[in-house]
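The structure appears below as structure tokens.
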Amino acid sequence: MSDHAVKVEPDHTTASSGDKDNVVVTEELVLDTSPAASLSPPVPSCVPSAAGVQGSATPLASKDKARSRSKMGRDDRSTEGKVNTDIGYAISTHVGKHLNRLRGEKVLQIKCAGRVMQGKQETNGNSTHHRPRDRHEPGNKHQRKKKPVTVDTSKAKTSLEALKMSIKQLKWKEFPLGRRAACDIYWHGTSFHDNDHIVSGQVNKFPGMMEMLKKINLSRALRTMHELFPEEYNFYPRSWILPDEYQQFSAQIRGLKDSDAAAHRTFIVKPDSGSQGEGIYLIREASEVRLAAGSQARQAVVQEYVQRPLLIDKLKFDIRLYVLVKALEPLQIYIAKEGLTRFCTEPYQEPNQKNLSHVFMHLTNYSLNVQSDNFVHSDSQSTGSKRTFSSVLYRLASKGVDIKKVWSDVISLVIKTVIALVPELKVHYQADIPPGKPGPTCFQILGFDILLTKNLKPVLLEVNSNPSMRIEHEQEVAPGVFEYVSSPVDEDVKVCVIRDTLRLMDPGLNKHGHPPPAGGGGAAQQGTVITTKAGPPDKAPEEELGDGLPTLCLKQVYPKYTKQFQYLCLVDRIATLFLRFLGIKGNMRLGPTAFRTFI
Ligand code: ADP
């Protein structure tokens, strides 16, 4: 089946639709989004059998299968108004630079001790990272004398490899077994509570974040915001919480059928605390929901299924973006300029009764697709089943897509999502680290999973509180012999994210005049589009730390764009009032649950 032209039209349902001037995508985008039934390879044997369950809501991925081969393939969760700004430009410039690199990939890659590095050489994790300013700048002399920042990595779990590389690149001091004296930074693999005895320094997890990002709580938080700002919070599929809202869901499906008998909507059911696609299934009838797991009611979210995702090479894919929440008060958000895209391994067809259980067609999880015979491990960033986001953007740009607009919509989505989470997070924070008592400060890297629809609207699938930072994958080097080999694509993206997060959290830098965040970028018009300008990027002071290392791979988006989003912080102000008047009053301490009820 040949590719066919798909007209990319402005999506007036997006949060950014208010500013049509910015939607300039009118060219024909030749991406195949056609059904590809005739190309479908036979379903590999490890796909859960569809026999007898077609349309009967079989989990697309069972726990056992998800765990069988890919011990380390935990890519999803290891235990996930118009204002003139430079954001899109800066990021698409990053894409441009990156693309030059892609074009010259073969030249730039240096094979070294089995590890493919780009533009840098590394031996057994000992980085000889290029530091061009080391020799000439007196500032760096001073830095060499500085006491190294100390990092407790004893609880780092699966992110350890990337963390070790980052610490070495920074010439900081790692404490793999912990330390009796306090460290500057504590790196936890799961949650804030991995170590409850920290009274100073900084921890890489916020209390309550893991709870907040479970599917039900995330849906609730985004629904509250959707009720207040329906136009702004339309990037998350309509969701119902099960079993509580089963009747409403059922009535909704009946209503849809009554209004259009021919329309076949599909819904996706996701267990509340599931990850890596476990227990997920697609349905078309409310009666197909499995309300019980054994004798227990199964907590889940049922959600509208995005039937027409953007396809590349006929395959569905999603985007994993890394987002740093540097602080809650005042809120500081950074987005990594590079992300990952994870591809399905079976050509996509819109859901029908026969393909509902085809896991490799509908779910983009790495941990599932890596089990398919069609999965392609690639050292290149622009081919294979896992690619960099910039390589995908490059591909889209070559088809005429306005990638600055895509980026700006993605950034809006990220900021709005974090704004939705912050109020309840503050209540958690205050409950765990009461003001006046000694405690650490917190920051956290989140993994945003985003789908692009056929007409390029970003849709939020989920946010991972604990995104996989693994940089190796398991490979069968001889029949039955599996070995961990480094994954250049993962390494390139994830090591930069961890290293630059550490740089931003460097206590010395903050003390010694780290440039204060810019307080709002551009005209103070209420609205949400972050538009991009075509001129050269403004030098973003917060991206140059003067530490002799490359420009940060993390881009500050908040408070840089505070003004566009300020009016969405209504619930945040309610949280402040709640904490002031109700949260802590004598002995009566109300926590996050009370806050949710209050809201
Ligand atoms: P998990 O935490 O188990 O990975 P996700 O919410 O990320 O759960 O869903 C798993 C996969 O299912 C996603 O990566 C995506 O490919 C697909 N998916 C999830 N929600 C939707 C949706 N509403 N529409 C289309 N595809 C979806």
- [ ] List the GluC sites (Glu not before Pro) within region 265-325 that fall in a DSSP loop (any state other than H, G, I, E or B) and whose Cβ has at most 11 other Cβ atoms within 10 Å.
- [x] none
TODO: Would you please put 270-276, 497-503 in order of how densely packed they are, using the mean number of other Cβ atoms within 10 angstrom per residue and starting with the highest?
DONE: 497-503, 270-276
Task: region 426-495 shape via C-alpha gyration tensor axes, a/c threshold 1.5 - done: oblate
Task: Euclidean distance between Cα centres, region 314-365 to region 188-221, Å - done: 22 Å
Open item on the list: What are the extents of the Cα atoms of region 245-292 along their three principal axes, in Å, largest first?
Closed with: 35, 19, 12
- [ ] Enumerate the calculated ³J(HN,Hα) couplings along region 500-509 in order (Karplus 6.51 cos²θ - 1.76 cosθ + 1.60, θ = phi - 60°), each rounded to whole Hz, writing x wherever the residue is Gly or Pro.
- [x] 6, 5, 4, 4, 5, 8, 3, x, x, 4
TODO: Note the direction-averaged projected area, equal to a quarter of the hull surface, for the Cα convex hull of region 360-437, in nm².
DONE: 9.0 nm²
TODO: Take the alpha carbon atoms of region 367-411, find their center, do the same for region 430-502, and report the distance between the two centers in whole angstrom.
DONE: 17 Å
- [ ] Filter the trypsin sites (Lys or Arg not before Pro) in region 256-312 down to the DSSP loop ones having no more than 16 other Cβ atoms within 10 Å, then list what survives.
- [x] 265, 298
Open item on the list: I need 424, 483 ordered by Cβ neighbour count within 10 Å, fewest first.
Closed with: 483, 424
Open item on the list: Rounded, prolate or oblate for region 143-231? Axes are the square roots of the Cα gyration tensor eigenvalues, ordered a ≥ b ≥ c, and the cut-off for rounded is a/c under 1.5.
Closed with: prolate
Open item on the list: With the crude spin-label approximation of a point 7 Å out along Cα→Cβ, what separation in nm comes out for residue 263 versus residue 195?
Closed with: 5.4 nm
Open item on the list: Which of 362, 226 has the fewest other C-beta atoms within 10 Å, and how do the rest follow up to the most?
Closed with: 226, 362
Task: Violating pairs (Cα-Cα greater than 31 angstrom) within the set 214/457; 173/416; 215/555 - done: 173/416
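Every read-out reported here was derived from the displayed coordinates using simple, explicitly stated rules and does not represent laboratory data. Note that the structure is predicted; figures quoted are calculated from it, not measured. Positions of Cβ are backbone-derived with ideal geometry, glycine not excepted, and every protein chain shown enters the neighbour counts.
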